[in-house]
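Visitor: Got a structure for you, questions after.
What follows draws every value from the coordinates through simple rules; no lab data is involved. Since the model is a prediction, treat every value here as computed from it, not as a measurement. We place every Cβ from the backbone using ideal geometry, glycine too, and count neighbours over all the protein chains shown.
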Amino acid sequence: MQPAADTFTLPDAPLNAWYAAAYDVELGRRLLARRILDHNVVMYRRADGEPVALENACWHRLLPLSEGALEGDNVACGYHGLVFNPEGRCVFMPSQETINPAARVRSYPVVELHRFIWVWPGDPALADPALVPDLHWNSDPAWAGDGKLIHVDCNYKLVIDNLMDLTHETFVHSSSIGQRSITEVPFEVTHGPNSATVTRWMIDVEPPPVWRAQLELKTGVPAGRVDRWQIIHFEPPSTVSIEVGVAPHGSGAPEGDRSAGVNGRVLNTMTPETERSCHYFWAFVRDYALGDQRTTTLFRESVASIFAEDEHVLAAQQRAIDDHPDKQFYNLNIDGGAMWARRLIDRMVARELPDERYVRSAEQSLAAEGERINVEATAADAERLGIKL
Amino acid sequence: MQPAADTFTLPDAPLNAWYAAAYDVELGRRLLARRILDHNVVMYRRADGEPVALENACWHRLLPLSEGALEGDNVACGYHGLVFNPEGRCVFMPSQETINPAARVRSYPVVELHRFIWVWPGDPALADPALVPDLHWNSDPAWAGDGKLIHVDCNYKLVIDNLMDLTHETFVHSSSIGQRSITEVPFEVTHGPNSATVTRWMIDVEPPPVWRAQLELKTGVPAGRVDRWQIIHFEPPSTVSIEVGVAPHGSGAPEGDRSAGVNGRVLNTMTPETERSCHYFWAFVRDYALGDQRTTTLFRESVASIFAEDEHVLAAQQRAIDDHPDKQFYNLNIDGGAMWARRLIDRMVARELPDERYVRSAEQSLAAEGERINVEATAADAERLGIKL
Amino acid sequence: MQPAADTFTLPDAPLNAWYAAAYDVELGRRLLARRILDHNVVMYRRADGEPVALENACWHRLLPLSEGALEGDNVACGYHGLVFNPEGRCVFMPSQETINPAARVRSYPVVELHRFIWVWPGDPALADPALVPDLHWNSDPAWAGDGKLIHVDCNYKLVIDNLMDLTHETFVHSSSIGQRSITEVPFEVTHGPNSATVTRWMIDVEPPPVWRAQLELKTGVPAGRVDRWQIIHFEPPSTVSIEVGVAPHGSGAPEGDRSAGVNGRVLNTMTPETERSCHYFWAFVRDYALGDQRTTTLFRESVASIFAEDEHVLAAQQRAIDDHPDKQFYNLNIDGGAMWARRLIDRMVARELPDERYVRSAEQSLAAEGERINVEATAADAERLGIKL
């Protein structure tokens, strides 16, 4: 196994991409300040509800506009009263008739989709709404659920690493979802031109308590042994959507018919704040018991407490990275998904650089596209975890 | 509109100037540590009351002398007991008879005037007490009032900017003194060889509540419409004295006779602590109701709560400057006074530099001395603020 | 008097030395993280009690191993479950049979002696247990006592300076042990090839209260005037052992017979954490009333409260050094012991450097080996302190 490519010498994240900047409910007729890829942004909704994202520093003397106030669809600086419209143009200056046409703050392309406000920190000419990452389950009436926003003191790629390999559930979440069989079962890593996927099936296992309860909630009968799945989909630069669920063993789920089971999706999208911190937006949605608020709340709060364990580990990992600038990461088989994810990010970053060599290098590391990695359960795993293979 | 001269590439403040280091009441027969232009200073009064200012680091092993104790007019280090006299000379060393004549800490020129202790961080040979900024109203028996010291987390020039343009009252102090007519009325910016002045008259206006009450306190009769003034005087490097007041409309105040009105002075002098923080000494004094402690307390506490709003804005502005090292300030008409103030500071700094070019450049930017800027009320202001011109 | 050699341009501390990393009672069947000379170390005891010290960063993704868990004599990472044995070799990886033989974390030589766990951060081949500093009194059945660990926010050499000259007791500890005669009496500084010693005898003095009580505890009769001693022994890089005690005047203590008196030892060893902080391990032991826990507790808590005063001064001194990067230390006669200590440290550091010149320079500064410094009481001391010579 080779050391991971040192992605830290490239820029940390592509600029020409949509990044979740707020949950839909966070935005209203008030000013919300948020730092995104080191850009200070102020966001609000116009009277008609449309989201606006402006540079959060007055053209005149840099005071954050978020210290000011909304005036209709415009924002007025809280220091000397300069007013900027949603396009960032200054439309009022105190004590003078003439307004310098150069007086503007940057306006960011912004789109509301899948319950998130997406901001494009790069070249506005490239900001195609069709490029918003697919998290449609979060607003699809066939699915129900809810989520939260976490601020994590780590680079966003550490969260991607974390999500692309769920082996860590056994160790980080040993008291909740960390079923030991996760470490034991084989998994498969595949990738396409713009995606990476990790698939793990646990066949004929006892369902963990939370899934047993869900299956019984849906079917109304006691649950027996199940087939359980975790299918992790990565879309660059920073969206991870995970199919999770269980179906009665023998009901055909591995073959493609999950109708007898319970289907969930863990939706995740991370937005760099700085190189050492990120905004982590997530939701958990399901395709059954759609109107049951109790189930929505149960999942949201359970997932929130599980993710708090990850937050602790991720922040500790970031501090360790800062403490050991000379050390690199090494990859295990379990890191196959994360490795492809980082290569896809690298290619996006490379394409924004003036030097062709970066792109060629990134393309080469992706040349094995379509290659499949099969990872077998190991005897060592089984023995260590006391599981009979 | 030109970008503001980038004053940040010059040293931040002249060394050869008197800076307020303490309020008179702060100093006594105990050790007071304060950082002034990045100099660590320890201050105290001798037995006869004379102020002393020494470098706050023992010659021997650098322990702050402020951790030690007064011994008569001298200060003894709290670690090994070395004793320094008010001139900074070591007069006692433990366990040795001979005292190294080089053993001294720096002694700063110090003067007590206008209720402040002034320290000169530059060349002692140039420390002429006649150069102390004029804040004599603070100790003149014809005036009464009091003030405070605020520590602000911003460069001292941001406070000067703030004081040299009171337009911000409309936006920062909208709930207290922010009368909307301030933004509306014309003002005049003038400057002399060593001063800058901003004059604003509001003729025939309703007095704001605080001034109405003062006028009625003095005259004993209900107040009608007034002429109101704000005349801001800058004296480099960092003193701003503001004449404020109202007089019954038609009683001759604009023509020079303010005897029928109430006269106040907001006295301000800022001392850099570091490049990102300063000590802001202020007082509010008046020339009527001299013995009325209730009025003194009322003004002191009102001004303190208004300045706390500025402190919030100024610290936010400094953080924004630090967050956007690539951005510069732009100047509006309202910044005329601040612009001259910064040019006068630049010239003081330039004169301390070895390279003549800095002085020539500073002189050139001041070549328009005597020039007058008239700023008219704008229709946009009036419309925006709902005021009939 | 020459300025002190600027030891800060050399590395701060030698790597090839044993440093106290924990008190014996701190270590058990759990993971203890501690930073030592900027190395992050995790320590624990094997089932048989033997101490283990490993690099505190997982080979895989750098998570501190101290976030994980003990598994028998091994430690399992809390993220993905990699397991490392006491030699630092990885013995388990999740989901794979083959373990990369390069997968290891650094294992540090470790020795338990004199109630401390000693770690060797340098070349393991040189880690000879015979080089552990001599603090045997801490586990010698002929002596009794106890100690503590303090974290001090200063460079470890400042603690050495502090201990090598007890003049500071007069000023820092004026309310407890700071007998004025300490500053007054002569002292002698000597040094050998690998040691520095400061000897101070106070002949025919009133014992300070704490020593009077000890002498009466041992002898059962009222104490009269005594001979008091402080003999400070430095062993590089950072161990200071101090003989302290009193004996009835005339009972022969200065001549070598202390049997009629009470003997104590203040044992100190400092371990750099970073260049601006250290772990300070200490104990106070005595050779009488061995079974008297009351005396043990009394001394431990008295010394702890005295050392808290030093901690305050030392942290203030470190901040002052950081605030005045341009300033150097000056040496007085009282600094003779500390000066030799620093030269011995410099030579250890120099021997680890590739350039011979450093060693030659260090040897030269130690060329006066065997030289003796006699420091007389001064008339100025006596007059100042009101003591009759």
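Visitor: Run down the aspartates and glutamates and flag those whose C-alpha is under 12 Å from the C-alpha of B:Lys218, throwing out any fewer than 8 positions away in its chain.
Guide: In chain and number order, the partners are B:Asp287, B:Asp292.
Visitor: In a Gaussian network model over chain A where Cα atoms closer than 10 Å are linked, find which of A:Val244, A:Val221, A:Val172 has the largest mean-square fluctuation.
Guide: A:Val221
Visitor: Something else: Please report B:His60, C:His168 as a ranked list, fewest other C-beta atoms within 10 angstrom at the top and most at the bottom.
Guide: B:His60, C:His168
Visitor: Mind listing the long-range amide H neighbours of B:Glu273? Cut-off is under 5 Å, sequence gap 5 or more, other chains count too, H placed in the peptide plane at 1.01 Å from N.
Guide: Excluding prolines and chain starts, which carry no amide H, the hits are B:Leu37, B:Cys278, B:His279.
Visitor: Could you quote the convex hull projected area for segment A:19-131, Cα atoms only and averaged over all directions, in nm²?
Guide: Averaged projected hull area, Cα only: 7.1 nm².
Visitor: Also, I was wondering about something else. Exposure proxy check: A:Ile306, C:Ile160 ranked by fewest other beta carbons within 10 Å?
Guide: With the fewest neighbours first, A:Ile306, C:Ile160 line up as A:Ile306, C:Ile160.
Visitor: Expressed as a whole number of Å, what is the distance separating the alpha-carbon centroids of segment C:349-366 and segment A:30-98?
Guide: First find each Cα centre; the distance between them is then 62 Å.
Visitor: Taking the Cα centre as origin and putting +1 on Lys and Arg beta-carbons and -1 on Asp and Glu beta-carbons, what dipole magnitude results for segment C:19-131, to the nearest 20 debye?
Guide: 240
Visitor: Which order results if C:Lys157, C:Lys327 are arranged by neighbouring Cβ count within 10 Å, fewest first?
Guide: C:Lys327, C:Lys157
Visitor: If you plug each phi of segment C:55-66 into the Karplus form 6.51 cos²θ - 1.76 cosθ + 1.60 with θ = phi - 60°, what whole-Hz ³J(HN,Hα) values come out, in order, with x for Gly and Pro?
Guide: 4, 8, 7, 4, 4, 6, 9, 6, 4, x, 5, 5
Visitor: Sticking with this one: Label B:His312 and B:Leu353 with points 7 Å out from Cα along Cα→Cβ: what is the distance between them in nm?
Guide: Modelled inter-label distance: 3.8 nm.
Visitor: Just going by the charge dipole of segment C:19-131, with Lys and Arg at +1 and Asp and Glu at -1 on Cβ, which of C:Pro86, C:Ala76, C:Leu126 is farthest out on the positive end?
Guide: Value computed over the given set: C:Ala76.
Visitor: Quick one: if you take sqrt(5λ) for each eigenvalue of the C-alpha gyration tensor of segment B:241-370, what semi-axes come out, biggest first, whole angstrom?
Guide: For segment B:241-370, the semi-axes come out at 34, 22, 15 Å.
Visitor: Once you average over the residues of A:74-81, how many Cβ atoms of partner chains fall within 10 Å of each Cβ?
Guide: Per residue, the average neighbour count from other chains is 6.
Visitor: Please report how far the C-alpha centroid of segment C:256-310 lies from that of segment A:284-315, rounded to the nearest whole angstrom.
Guide: 54
Visitor: Tell me, for the rotation carrying B onto C, which chain B residue has the beta-carbon closest to the axis and what that distance is in whole Å.
Guide: Axis relating chain B to chain C; nearest Cβ residue and distance: B:Asp322, 12.
Visitor: Rank A:Leu353, C:Gly245, C:Val110 by how far each Cα sits towards the positive end of the charge dipole of the protein assembly as shown (+1 on Lys, Arg Cβ; -1 on Asp, Glu Cβ) and give me just the farthest.
Guide: Of A:Leu353, C:Gly245, C:Val110, it is C:Gly245.
Visitor: Ok, one more. Under a point spin-label approximation (7 Å from Cα along Cα-to-Cβ), what is the B:Trp201-C:Ser139 distance to one decimal in nm?
Guide: Each label point is offset 7 Å from its Cα along the Cβ direction, giving 9.1 nm.
Visitor: Would you mind working out the magnitude of the charge dipole of the protein assembly as shown relative to its Cα centre, with +1 at each Lys and Arg C-beta and -1 at each Asp and Glu C-beta, to the nearest 20 Debye?
Guide: In total the dipole reaches around 1380 debye.
Visitor: Let me ask something additional. State the three equivalent ellipsoid semi-axes of segment B:94-140, derived from the C-alpha gyration tensor as the square roots of 5 times its eigenvalues, in descending order and whole Å.
Guide: In descending order the semi-axes read 34, 13, 6 Å.
Visitor: Return the subset of A:Lys157/A:Lys327; A:Lys148/A:Lys327; A:Lys148/B:Lys327 for which the Cα-Cα distance in this structure is over 23 Å, preserving the input order.
Guide: A:Lys148/A:Lys327; A:Lys148/B:Lys327
Visitor: Right, here's the next one. Kirkwood hydrodynamic radius, computed over distinct alpha-carbon pairs, for segment B:163-305: how many Å, to one decimal?
Guide: About 16.1 Å, per the Kirkwood formula over Cα pairs.
Visitor: Before rounding to the nearest 500, sum -39500 (n - 2.57) across all DSSP H runs of length at least 4 in chain A and divide by the residue total; then give [θ] at 222 nm in deg cm²/dmol.
Guide: After summing the helix terms and dividing by residue count, I get -7500 deg cm²/dmol.
Visitor: Now for a separate question. Other chains' Cβ within 10 Å of A:59-70 residues: what's the mean?
Guide: 6
Visitor: What's the long-distance tail for the protein assembly as shown, i.e. % of Cα pairs beyond 46 Å?
Guide: Everything past 46 Å amounts to 54 percent.
Visitor: Please turn the phi angles of segment C:244-250 into ³J(HN,Hα) values with the Karplus equation 6.51 cos²θ - 1.76 cosθ + 1.60 (θ = phi - 60°), one per residue in order, whole Hz, x for glycine and proline.
Guide: Once rounded to whole Hz, the list reads 9, x, 9, 9, x, 4, x.
Visitor: What are the equivalent ellipsoid semi-axes of segment C:142-385, built from the alpha-carbon gyration tensor (square roots of five times its eigenvalues), in whole angstrom, biggest first?
Guide: Largest first, segment C:142-385 gives 31, 21, 18 Å.
Visitor: Provide the per-residue ³J(HN,Hα) series for segment A:278-292, in order, calculated from phi with Karplus coefficients 6.51, -1.76, 1.60 and θ = phi - 60°, each as a whole number of Hz, with x at glycine and proline positions.
Guide: Per residue, the Karplus-derived 3J(HN,Hα) values read 8, 9, 10, 9, 9, 8, 10, 10, 9, 10, 9, 6, 4, x, 8 Hz.
Visitor: Have a look at A:Phe284, A:Val152, A:Leu332 and report the one farthest towards the positive end of the charge dipole of segment A:144-385, computed about the Cα centre with Cβ charges (Lys/Arg +1, Asp/Glu -1).
Guide: The Cα lying farthest towards the positive end belongs to A:Phe284.
Visitor: Just how large is the dipole of chain C about the Cα centre, in debye to the nearest 20, putting +1 at every Lys and Arg Cβ and -1 at every Asp and Glu Cβ?
Guide: The dipole of chain C has a size of about 540 debye.
Visitor: Take chain B, connect every pair of alpha-carbon atoms lying under 10 Å apart with a spring to form a Gaussian network, then pick out the residue of B:Leu166, B:Leu63, B:Leu215 with the largest mean-square fluctuation.
Guide: B:Leu63
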